[in-house]
């Protein structure tokens, strides 16, 4: 119906008798658009109503439909702009949040690396100390054994020396 209204509006510029037909079709189109809540079509119908009443010289209805058109246009496209701005703001906030999370993840990973390095260092030092004490213990046992053998050899030598000395 919107196309019919446009045709009658175009014809009305040449002949004013088409304005009534344009108004009838515009009213029908507006009613259907309101029934199905088709906002952009309602906006278009308000614009058509404005143009028709302006051509007819009906200033009261011209102003009425102009105000409705402006109000709905602001509502639709102003809201659309706000939605886009809010969408951009949300996207930026999400990007910032993602960046902060990545930074925290990197910090946690770095702390884990430091922790593993510290634990590895402690384990290595513990292992070295274990081997040092083990080697020290083995050397101590070897000294004791050597000392014991040395004492035994001395005892044997002393006994042997005493025997030889007594025989002589």
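Please treat every number below as a calculation from the coordinates, not as lab data. What you see is a predicted model; the values in this text were computed from it and never measured. Every residue, glycine among them, receives a Cβ derived from its backbone with ideal geometry; neighbour counts consider all protein chains shown.
How far apart, in nanometres, would the label points at residue 90 and residue 138 be if each is projected 7 angstrom from Cα along the Cα-to-Cβ direction?
7.1 nm
On a full-extension model of 0.36 nm per residue, what is the gain between residue 70 and residue 123, subtracting their alpha-carbon distance, rounded to one decimal in nm?
Values: separation 53, 0.36 × 53 = 19.08 nm, distance 7.71 nm.
Gain on stretching residue 70 to residue 123: 11.4 nm.
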